[in-house]
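A.B. asks: Pasting a structure below so you can have a look.
The values are calculated or read from the model by the stated rules, or taken from the named source; none is laboratory data. These numbers were taken from a predicted model, which means no experiment stands behind them. Don't worry about glycine lacking a Cβ; one is built from the backbone with ideal geometry, like all the others, and counts go over all protein chains shown. Each accessible area value is taken on the protein alone, full model and side chains, heavy atoms only, with ligands, DNA and RNA left out. Shrake-Rupley method; radii C 1.70, N 1.55, O 1.52, S 1.80 Å.
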Amino acid sequence: MKLINVGFGNLVSDERIVSIVLPESAPVKRIAQEARERGMLIDATYGRKTKSVIVMDSEHVVLSALSPEMIAQRHGDIVEGEAE
């Protein structure tokens, strides 16, 4: 199991990530709100602006202050590292 830093020392399992999306659209905001109501929202922003929403296969939703590009790059580095 490989872990990806999603900001401020918070880590998520790369194998459990379903998608990494921007938080600006109404459907993504709805996903985050519904996860909050179900107790499945993890806020890893430390009070900063949410720049990405990570949807996990366990139905948890993680809010991150890092951009989706940065998280995807970190995820890509891990995937490329496994191929060697």
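A.B. asks: Charges at C-beta only: +1 for Lys and Arg, -1 for Asp and Glu. How large is the resulting dipole of the stretch 1-47 about its Cα centre, in Debye rounded to 20?
C.D. replies: Result for the stretch 1-47 is approximately 60 debye, rounded to the nearest 20.
A.B. asks: Residue by residue through the stretch 46-63, what is 3J(HN,Hα) from phi via Karplus (6.51 cos²θ - 1.76 cosθ + 1.60, θ = phi - 60°)? Round to whole Hz and write x for glycine and proline.
C.D. replies: 6, x, 8, 5, 6, 10, 8, 10, 10, 9, 9, 6, 8, 6, 6, 10, 10, 8
A.B. asks: Taking the Cα centre of the chain as origin, work out the dipole magnitude from +1 charges on Lys and Arg Cβ and -1 charges on Asp and Glu Cβ, in debye rounded to 20.
C.D. replies: Computed charge dipole of the chain: roughly 500 debye.
A.B. asks: Considering only DSSP states other than H, G, I, E and B, which GluC sites (Glu not before Pro) in the stretch 1-76 qualify as loop sites with at most 16 other Cβ atoms within 10 Å?
C.D. replies: When the GluC sites (Glu not before Pro) of the stretch 1-76 are filtered for loop state and at most 16 Cβ neighbours within 10 Å, 24, 59 remain.
A.B. asks: Shifting gears a bit: Could you compute the net charge surrounding residue 52? Neighbours are other residues with a C-beta less than 15 Å from the C-beta of residue 52; K and R count +1, D and E count -1.
C.D. replies: Summing Lys/Arg as +1 and Asp/Glu as -1 gives +1.
A.B. asks: Any idea what the alpha-carbon Rg over 2.2 N^0.38 Å comes to for the chain? Could the numbers behind the result be given before it?
C.D. replies: Working: Rg = 12.5 Å, N = 84, 2.2 N^0.38 = 11.8 Å.
Scaled against compact globular proteins, the figure is 1.05.
A.B. asks: For the chain, what does -39500 (n - 2.57) per DSSP helix run (n ≥ 4), summed and divided by total residues, give at 222 nm, in deg cm²/dmol to the nearest 500?
C.D. replies: On the way: 2 runs with 29 residues, N = 84.
The per-residue figure over the chain is -11000 deg cm²/dmol.
A.B. asks: Straight distance only, please: which lysines reach the Cα of residue 29 with their own Cα at less than 27 Å, same-chain residues fewer than 8 apart left out?
C.D. replies: Correct list for residue 29: 49, 51.
A.B. asks: Further question: First compute the accessible area of the chain with a 1.4 Å probe, then give the percent of it belonging to carbon and sulfur atoms. List each step's numbers first, then the result.
C.D. replies: Working: 2760 of 5300 Å².
Looking at the chain in its full context, I get 52 percent from C and S.
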